[in-house]
Amino acid sequence: MAVEVVTFGCRLNITESETMQRHAESAGLGDVVIVNTCAVTAEATRQARQSIRRIARERPEARIVVTGCAAQVEPETFAAMPEVSKVLGNEEKMKPETWAAVRDFGIAATEKVAVNDIMAVRETALHLIEGLRGHTRAFVQVQNGCDHRCTFCIIPYGRGNSRSVPMGAVVDQVRLLVEHGSREVVLTGVDITSYGADLPGAPRLGALVKAVLRHVPELERLRISSIDSVEADEDLLDAIANEKRLMPHLHLSLQAGDDMILKRMKRRHSRDDAIRFCDQVRRLRPDMVFGADIIAGFPTETEEMFSRSLDIVAECGLTHLHVFPFSPRPGTPAARMPQVSRDVVKDRARRLREKGEAALLRHLDAEVGATRNVLIELNRIGRTESFTPVRFSSPVERGDLRPVTITGHNGRELLAA
Ligand code: SF4
């Protein structure tokens, strides 16, 4: 039986799952299911435990190895599960020798829990891969960890402090992916706007974007994953303005629209900073489309404060809104703050989603009749340059990148023949 990987969470986890699967396969392991967990919410951890129990029922012969951020921040939770054979930390999971040890000594013989102090990790190694199974778009890890300590966030305790992949290694990885057919690459990490602070000469994210586009001229589409708008550097703004292969879509880690709440979240930007950034970027790149993460119901949030999160959707001109109902994450300062009642949290999340859906509808309406370059993925779905999904009515070739006339939309996706 092959090695199976079940991945929760972010793009970083997706790239790491690919690397782990390769390490486990080249170590000759079989009958192993790797569950790569996420810890961003208590719900994410609950879902991982639920899927572990399901896997154990459906594949009683398989040995289950749990990795990822939930395994890193609460290894004892998974070690206590009889269904689990091994718990690996976020650094251990990426080492080929970890999987070789599992093969050589057999899972039972090695320590059940191998999770080191992630805060002690200083480097992030890039494991070159030719592509991502089942993905048309390739994610490239350029950074890991985070030096910030937003009061609602557990990620730094799962991923450690910020560390960057040297620029040359990133360029080599992108070139290898393009040589193996990838037409679109996404630079990803935990806090990519802090890219380079730990590297000689402290190159910023903008310099990395320019280096990738300069040294890999065959790359057709480059994206960057979620950014902290207030930490965008001059080179990045220049690339946004002048590099057509850098896609006109930015996902912002906004989190709230009220300054007092942003302060209590320990975010580095104000609402005016965010609005100013979007205005500036739109002047540089008029076709730019913004997405954003916003939390509804953060502790101490009043109705008046929440109204400013509703307002910022239009003030920043957001199109792709990801709404997170606040859920207290044990171990974070926000979990110890006076909580907003669950009903109010849910109601605010509903209202914010409605606001987001209305903004998306305006965007979809405006796209009808336009011709857009679309990269085709699986199941007759593709994405425009502004990351808007397009559903095709007729069979299309996965990996194909071509101009498409938009014929309509279904309220969530654009439609094409
Ligand atoms: S910037 Fe804040 S929200 Fe993002 S990973 Fe770091 S601590 Fe978490």
Report task. Out of E18, E43, E25, E61, report the one residue that is surrounded by fewer than 18 Cβ atoms within 10 Å (Cβ to Cβ), closer than 23 Å to E130 by Cβ and not small (G, A, S). Result -> E25
Query raised in the report: Somewhere in the range 171-191, is a residue under 19 Å from the mean Cα position of the chain (by Cα), of a type in the set (D, E) and under 28 Å from L401 (Cα atoms)?
Result: yes
Query raised in the report: What single numbered condition from (1) within 30 Å of G297 (Cα to Cα); (2) open to solvent by 20 Å² or more (accessible area, probe 1.4 Å); (3) touching a Ser or Thr at 6+ places or on another chain (Cβ under 9 Å) fails to hold for R380?
Result: (1)
Query raised in the report: Which fully enclosed strands (runs of 3 or more DSSP E) of the range 300-417 have 3 or more residues being among the hydrophobic types (A, V, I, L, M, F, W, C) and at negative phi?
Result: 318-325, 371-376, 414-416
Query raised in the report: Identify, please: which residue in the range 140-174 is buried (at least 21 other Cβ atoms within 10 Å of the Cβ) and small (G, A, S) and is, among those, farthest from the ligand (Cβ to nearest atom)?
Result: S164
Requested in this report: Take the range 284-299 and flag every residue that is within 27 Å of A44 (Cβ to Cβ) and part of a loop (DSSP other than H, G, I, E, B).
Outcome: G297, F298, P299
Query raised in the report: Is there a residue being within 16 Å of the ligand (Cβ to nearest atom) and either of a type outside the set (F, W, Y) or out of contact with any strand residue (DSSP E or B) (no Cβ under 8 Å at 6 or more places or on another chain) (or both) anywhere in the range 205-220?
Result: yes
Query raised in the report: Taking the range 175-190 as the search range and keeping residues that are part of a helix (DSSP H, G or I) and under 25 Å from G9 (Cβ atoms), which one is least open to solvent (accessible area, probe 1.4 Å)?
Result: L177
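The values are calculated or read from the model by the stated rules, or taken from the named source; none is laboratory data. None of these values were measured; they are calculated from a predicted model. Note that we place each Cβ from the backbone using ideal geometry, even for glycine, and neighbour counts take in every protein chain shown. What goes into the accessible areas is simple: the full protein's heavy atoms, side chains included, and nothing from ligands, DNA or RNA. Shrake-Rupley method; radii C 1.70, N 1.55, O 1.52, S 1.80 Å.
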